[in-house]
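These notes are about the structure you will find just below.
The values are calculated or read from the model by the stated rules, or taken from the named source; none is laboratory data. What you are looking at is a predicted structure, and each value in this text was computed from that prediction instead of being measured. Note that we place each Cβ from the backbone using ideal geometry, even for glycine, and neighbour counts take in every protein chain shown.
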Amino acid sequence: MKKLMLAFVAAAFCSAFTITASAQQADQATSDAVIAMVKAQWASEIKDPTNVTEQTKDMSDDYTEFNGQYATRLDGKAINSRLGEASGKASGKTTAAEMANPKVQVYNGNVAILTYNYVGLTQDKDGKTEATRAKSTRVYVKKGDKWNLVHANFGADPSPKQ
């Protein structure tokens, strides 16, 4: 009886370890996928700032956003796309975009929250570059087997005082 009980406990432990390892692998895959989507969006913006369709392909129709340029929440992919199209025609352009300190939190396998510091460079029409910084949060929901960006918050990240 003791051997049977020991075998049962060992089997339960192995099952729990396997489930935990499997969940960690799934969370890492989600983390990798979410970060890759953001980097693809940035690459698209650098390549062609006017291709808003490509830049917003992972955005849900009911997407919402807070950012430092507007005092109110922006509701919907449509308004974000219109603002993106207007911004794409500006004389300045993004020349580099990087993600520092990324962290992805995954919940129930269908919600992922990505937080990071954005560091980039913008070049004006005269060729002068300026550092761009932001504190960023993006929330993704898995609909079917596709991750969709449903909300973002981009806040100012002022330069450190020297």
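Data for the structure
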{"read-out": "Tally of residues being in a helix (DSSP H, G or I), aliphatic (A, V, I, L, M) and surrounded by 14 or more Cβ atoms within 10 Å (Cβ to Cβ) across segment 80-113", "value": "1"}
{"read-out": "Hits in segment 59-79 - residues which are free of Cβ contacts under 8 Å to residues at least 60 places away in the same chain, within 14 Å of Asn153 (Cβ to Cβ) and surrounded by 13 or more Cβ atoms within 10 Å (Cβ to Cβ)", "value": "Leu74"}
{"read-out": "Which listed residue, of Ala26, Ala16, is modelled with pLDDT under 90, surrounded by 11 or more Cβ atoms within 10 Å (Cβ to Cβ), part of a helix (DSSP H, G or I) and at negative phi", "value": "Ala26"}
{"read-out": "Count of segment 40-89 residues which are small (Gly, Ala, Ser) and within 20 Å of Asn117 (Cα to Cα)", "value": "4"}
{"read-out": "Breaking point among (1) closer than 20 Å to Tyr70 by Cα; (2) within 20 Å of the chain's Cα centre (by Cα); (3) surrounded by fewer than 16 Cβ atoms within 10 Å (Cβ to Cβ), for Arg138", "value": "(3)"}
{"read-out": "Restricting segment 99-132 to residues that are in contact with a strand residue (DSSP E or B) (Cβ under 7 Å, 6 or more places away or on another chain) and of a type in the set (Ser, Thr, Tyr), the residue that is farthest from Val34 (Cα to Cα)", "value": "Thr129"}
{"read-out": "Count of residues meeting criterion [of a type in the set (Ser, Thr, Tyr) and either outside any strand (DSSP E or B) or over 19 Å from Gly88 (Cα atoms) (or both)] in segment 120-153", "value": "3"}
{"read-out": "Filter pass, Glu54 being more than 18 Å from the chain's Cα centre (by Cα), part of a helix (DSSP H, G or I) and either surrounded by 14 or more Cβ atoms within 10 Å (Cβ to Cβ) or at positive phi (or both)", "value": "no"}
{"read-out": "Residue that is within 29 Å of Asp27 (Cα to Cα) and of a type outside the set (Lys, Arg), where the choices are Leu114, Leu83", "value": "Leu114"}
{"read-out": "Sole exception among (1) part of a helix (DSSP H, G or I); (2) of a type outside the set (Asp, Glu); (3) at pLDDT 90 or above; (4) under 19 Å from the mean Cα position of the chain (by Cα) for Ser60, by number", "value": "(1)"}
